Every structure is written in structure tokens, then in C-alpha cells.
Amino acid sequence: MVYCAAPSQTQHPTWSSRHSWFVHQSVIDIQLQLKPLKLPFWVQELEFIQFLELLQPWFQINTIYTHYFAVMQHSRKALNEVEQFCTQHHITLTQLPHNGLLPNQSAPLPPGQPAPNWLEHFKNHLKQPLFNPNLNLIQTPHLPAPLTQQLHQYTPAKNWGKPDKTFKPDLPFLQPGATHAQHLLHTFLQHRASGYKKNQTSAHLSQTSGSRLSAHLTFGNISLKQIWQQIRLQNTPKALQPALTAFKSNLLRRAYALQLFEMHPQLEYQNFNYAVNGIRLKWNQDVFDTLLAAQTGFPLIDAAMRCLIQTGFINHRLRTLVMAFITNHLWLDWRKATPVLAQLMTDFEPALFFWHTQTAANCTGLEPIFLPDPAAEAKLTDKTGIFIKQWLPVFAHTPGGLCGNPALMSALEQQLYHLEIGKHYPKPMVNLTTTTQYALANLQRIYQKNLAKKETARLASVLPLPAF
Ligand SMILES: Cc1cc2nc3c(=O)[nH]c(=O)nc-3n(C[C@H](O)[C@H](O)[C@H](O)COP(=O)(O)OP(=O)(O)OC[C@H]3O[C@@H](n4cnc5c(N)ncnc54)[C@H](O)[C@@H]3O)c2cc1C
């Protein structure tokens, strides 16, 4: 067996050593499972097309099976090359359904034929039986010596799979491997889900009371179908049923985002709603660096950035807040900010990432204009300041209610709590009243135009959001 770590993927600006680490450790998990079968396993740093070209002179390839994925431009290009190779060499390329994704139909449908309904298709996919291959029946061909020698040239460098030094994943919640994905799902369905709904709003508790399956779903350690069928099979305590309903809604949201990305791959590089094309034209690297250094002067944002940089994970609400802050209050273009944030998120999944980024940046027009205030958000999601204190120890002596909004502290309080603003912790990098007014005025002006209204209505009809 061979795992191809394709340079087109691992050298892409959205990829980082955290992703290589997660993949590498997941591959080791597969190797451990295959050990009793004594099946050889290779990890190679080469494009899949290169691998096929190496195999071609030695083996007759009849069929290639792949999963059907909604992918970014660079992966689409790599897939197209494989498709061409297959055509040239009379190889059948079979794409297996995955995530219930409905292939984007570029050709017009025959008259009278209704457009396929992705939601029905997805629900039907979830009911299909799981593949349970008998691993004992796998036969691996003997590799000729010259081919083995060629493959050795593509052995990954020694540091491949080693994460950056700043990365300290919150194990066991980010433990790679299919075995761990199954374990996380089991503990979630048995007891961890108990606070799921309520804790989604808590910056601190949601770190552990979510399923934490996102990275596993991204890298294929577990599938939506496996999760769905486990939910039905496991005898989950009755008290957890409302939590499971909310969890299933989120899984459906995932499927929706994947389908949308399949239909709108340009979400990766283009504003979803073209009406906002003329805004945020100036990039300011210093401003962005201040955010990356967690020195914005807005404690919840800075705490979230520190948590993300160290653990590779923050919850949904914090992701929304950070992205909305970058694009609306700092008025920076999401396209320049996203590669760095994608590198930091261990679970980076383009479909979910770009869709939610564009929503937070008010670039879809499909949601009411959203301009969150980090201090108000802290009041809701970190009432006691526990999350802020964890990531910004300078707030250790500050009463919980003041952590999210240190501007409320008098000079005396600042002295009392050993937190002088401007000395121990930075002043806010922007005036939020001004940035809110500026963003609101610009966005309202754009979205009130007839052309924008028309485009928003058109976009809303392309793939209507199902009831979650
Ligand atoms: C700006 C931004 C960027 C994001 N980027 C990513 C990303 O790169 N990869 C990623 O997996 N998720 C992303 N999300 C969605 C969401 O924040 C994460 O899936 C979630 O926090 C993962 O935690 P969990 O596995 O404990 O989720 P749970 O709450 O346990 O949910 C289970 C699964 O459902 C899916 N899911 C949950 N919430 C949503 C949602 N609102 N929309 C779509 N699917 C959802 C995820 O696959 C998740 O693993 C992003 C959200 C925002 C706002």
C-alpha cells in the first residue's frame, strides 16, 4: 500500500506542518491496524500522477477507484491530470460517492427532467450500507526491484510529519487516527454530548464538549455515513437526545457546505456575491501581524488567537468572531488573511472554511449584516473570564466580568488588578464605534442597490439552505 503525500497539496499556501502531522499520525494508525496482515505500506512524497506513471510500465492498471470530493483548484488540476492519464491508457476511473455529494452537473438537463435534489440524495447516501472489506483477502503485488529503487527516491524528508514548535494539540481531543476518531465518537455519544447545545456558546467548555471530529472528517478518518449510522446503532442515553438532534443539524450543515463548494468552487478565491467586489482593496500587513501576535487589545480575540496558534482549534463562535473582526473591523480582504488561518486550523476543510469565512465577512448577502462586538461577545461566551485568563495570564487578577472589556476599568482598578492598559496589555488597536459605523455604511450602501438585491436573490435560489 502506498500513501502519496502530493507536493501540490503539501506546498499549497493553505497547508502547514500541522496537517502533515495529522496525516502522518493517521497513516501510522492504519499501519498498526495492518501489521498483523503483514501488508507492506509505503509513504511517498510524490504526485499521484507521478506514481501512476511509475507503475504503468510494470503493471496493467484496469480500474482506479477514487472518492468524489469537492476540492480546491490545485487538487482539481491534479485530478484532471489523472483523468487524462486514464483516458490515454484506457483505464476506467470510478468515483465512489462520498459525503452524499451530488456531482455538479455542468451539462443542461434533458427537457422535463427535474434537477436532482441534493438533500434527498444526501439522506439516501447516509442509509447505504458501510463497506466492510475483508482485509485478509487483500493481495499486494510484488514490486520489481527497479520500481522499488525509483520509489525510494520519493521517501519523505525526516522532518515530514513533525509539527511546528508552537503547536501543542489538546490531546486526546486532537489525537489523529481512525481508531481515535471512533473513540471520540463513542465517548461523545455516551456522555460527552450532555452539554453540547448549551456549551456551544461557551468559549471554554465547547473546546471539549463538541464532538471534536472535525479534523477526522477532513482527513477521512471517519465519514458522515459512519457517524450517522453509529448514532442509530448506539444506545445513547435518552437525556442526550436533544444534543444529538443539534449534532445532526451540524452534520447536515457540513454536507450543505460541501455541496455548495462543489457547485461554487470559486468560493475559494472570489467574493460569493460580486456586489462587494470593490471593497477592502488595501492590504495592511502590520495590522494583520498585530492580530497574529494576539496584540489587538480585544481580549477575547487575542485569547482566541493564542488558543488557535497553540492548539490548532477554536470553536465555531470564536472562528466567526475572529474572521468577522479581521474583515469588518480591520477591513482586510479575506483572501489574503485566509491562507494563514487555514494553516493554523488543523481541521482545515476548504468547503466549510471558505463558506463560513465569506459569511462572517458579509460577502454573501444571504444573512443580515453581522458586525460583532468582541466585548459583548465575551459577556455572552466567557462570563467568568476563564477562557481569557487561560490564554492571557495578565488577566489573572481581573474580575471575570471585566476581562472581556478592560476599557471599563478605572485607573485605580487597573492598579489593583496589576493590569495597566497600554503597559501590561495593549490599548484596542481600532475604535470599534468608528469601524462598526464604517463597515455598516459601506455594506448597507452596497446591499441596498438593486443589482445586489437581484444577485442575492439569485444566489439564495441556487442551493436553498435546508431547515437545520
Ligand atoms: C470562519 C470559520 C471557518 C471554519 N473552518 C472550518 C474548517 O476549516 N474545517 C471544519 O471542519 N470546520 C470549520 N468551521 C466549522 C466549525 O467551526 C467546525 O466544524 C467546528 O468548530 C468543529 O468542532 P467539532 O468537530 O467539535 O464540531 P461539532 O459541533 O461536534 O459538529 C460535528 C461536525 O459537524 C460539522 N459542523 C459543525 N458545525 C458546523 C457548521 N456551522 N457548519 C458546517 N459544518 C459544521 C463539522 O464537520 C463538525 O466536526 C469553520 C467555521 C467558521 C466560522
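Could you identify the single residue in Q448, Q444 that is surrounded by fewer than 16 Cβ atoms within 10 Å (Cβ to Cβ), under 19 Å from L371 (Cα atoms), touching a residue at least 40 places away in the same chain (Cβ under 8 Å) and in the same structural domain as Q285 (by TED's automatic domain parsing)?
Working: Q448 fails: touching a residue at least 40 places away in the same chain (Cβ under 8 Å).
Exactly one of Q448, Q444 is surrounded by fewer than 16 Cβ atoms within 10 Å (Cβ to Cβ), under 19 Å from L371 (Cα atoms), touching a residue at least 40 places away in the same chain (Cβ under 8 Å) and in the same structural domain as Q285 (by TED's automatic domain parsing), namely Q444.
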inquiry  = Among the residues that make up segment 327-342, is at least one of them within 27 Å of L408 (Cα to Cα) and within 14 Å of the ligand (Cβ to nearest atom)?
reply    = yes
Residues satisfying the stated conditions in segment 11-49, i.e. touching a helix residue (DSSP H, G or I) at 6+ places or on another chain (Cβ under 7 Å), of a type in the set (A, V, I, L, M, F, W, C) and assigned to a loop (DSSP other than H, G, I, E, B) = W15, F41
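From the residues in segment 389-424 that are part of a helix (DSSP H, G or I) and charged (D, E, K, R), which one is nearest to A376 (Cα to Cα)? Show your work before the answer.
Taking segment 389-424 and keeping what is part of a helix (DSSP H, G or I), we get 389-391, 393-395, 400-403, 406-408, 411-416.
Still in the running and charged (D, E, K, R): 389, 413.
Working: K389: 17, E413: 20 Å.
Only one residue tops the list, namely K389.
Among residues belonging to segment 178-191 that are of a type outside the set (A, V, I, L, M) and surrounded by fewer than 21 Cβ atoms within 10 Å (Cβ to Cβ), point out the one that is nearest to the ligand (Cβ to nearest atom).
Only one residue tops the list, namely T187.
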inquiry  = V430 - would you say it is in the same structural domain as H329 (by TED's automatic domain parsing) and either closer than 19 Å to K379 by Cβ or assigned to a helix (DSSP H, G or I) (or both)?
reply    = no
message = If the requirement is being touching a residue at least 12 places away in the same chain (Cβ under 8 Å), in contact with a Lys or Arg (Cβ under 7 Å, 6 or more places away or on another chain) and more than 16 Å from I301 (Cα to Cα), which of these qualifies: T364, T346, T381?
response = T346
message = Tell me whether segment 204-216 contains one or more residues that are away from the ligand (no atom under 11 Å from the Cβ), over 23 Å from W21 (Cβ atoms) and not in a helix (DSSP H, G or I).
response = yes
message = Take T245 and tell me if it is farther than 30 Å from P13 by Cβ and touching a helix residue (DSSP H, G or I) at 6+ places or on another chain (Cβ under 6 Å).
response = no
request  = Could you run through segment 397-456 and say how many residues are farther than 22 Å from D333 by Cβ and β-branched (V, I, T)?
outcome  = 3
request  = Note down all Cβ pairs under 8 Å where the first residue falls in segment 305-330 and is at pLDDT 95 or above, the second is more than 10 Å from the ligand (Cβ to nearest atom) and acidic (D, E), and they're at least six residues apart or on different chains.
outcome  = T311/D170; F313/D170; R317/E377; L321/E377; T327/D333
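Using the structure shown, decide if I314 is in the same structural domain as V287 (by TED's automatic domain parsing), within 11 Å of the ligand (Cβ to nearest atom) and either closer than 17 Å to P169 by Cβ or surrounded by fewer than 22 Cβ atoms within 10 Å (Cβ to Cβ) (or both). Working first, answer last.
On the way: in the same structural domain as V287 (by TED's automatic domain parsing): yes; within 11 Å of the ligand (Cβ to nearest atom): yes; either closer than 17 Å to P169 by Cβ or surrounded by fewer than 22 Cβ atoms within 10 Å (Cβ to Cβ) (or both): yes.
Taking the combined requirement at face value, the residue satisfies it.
Conditions (1) within 17 Å of R319 (Cβ to Cβ); (2) in contact (Cβ under 8 Å) with a residue 60 or more places away in the chain; (3) not in a helix (DSSP H, G or I), marked per residue:
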site	(1), (2), (3)
P176	no, yes, yes
H186	no, no, no
K197	no, no, no
I222	no, no, yes
Q230	no, no, no
T236	no, no, yes
F247	no, no, no
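Return the total of residues in segment 356-379 being assigned to a helix (DSSP H, G or I) and more than 16 Å from the ligand (Cβ to nearest atom). First the steps, then the outcome.
Going through segment 356-379, the residues assigned to a helix (DSSP H, G or I) turn out to be 356-360, 374-379.
Okay, now just the ones that are also more than 16 Å from the ligand (Cβ to nearest atom), so 375-376, 378-379.
Number of matching residues: 4.
Answer yes or no as to whether G161 is away from the ligand (no atom under 14 Å from the Cβ) and modelled with pLDDT under 95.
Details: away from the ligand (no atom under 14 Å from the Cβ): yes; modelled with pLDDT under 95: yes.
Yes, satisfied.
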inquiry  = Which condition from (1) touching a helix residue (DSSP H, G or I) at 6+ places or on another chain (Cβ under 7 Å); (2) within 13 Å of the ligand (Cβ to nearest atom); (3) under 16 Å from F247 (Cα atoms) is the one that T236 breaks?
reply    = (2)
inquiry  = Can you tell me how many residues within segment 1-30 are closer than 18 Å to I222 by Cβ and of a type in the set (S, T, N, Q)?
reply    = 2
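The values are calculated or read from the model by the stated rules, or taken from the named source; none is laboratory data. Bear in mind that the values here come from a model prediction, so they are computed numbers and not experimental data. Glycine gets a Cβ as well: all are built from the backbone with ideal geometry, and neighbour counts include every protein chain shown.
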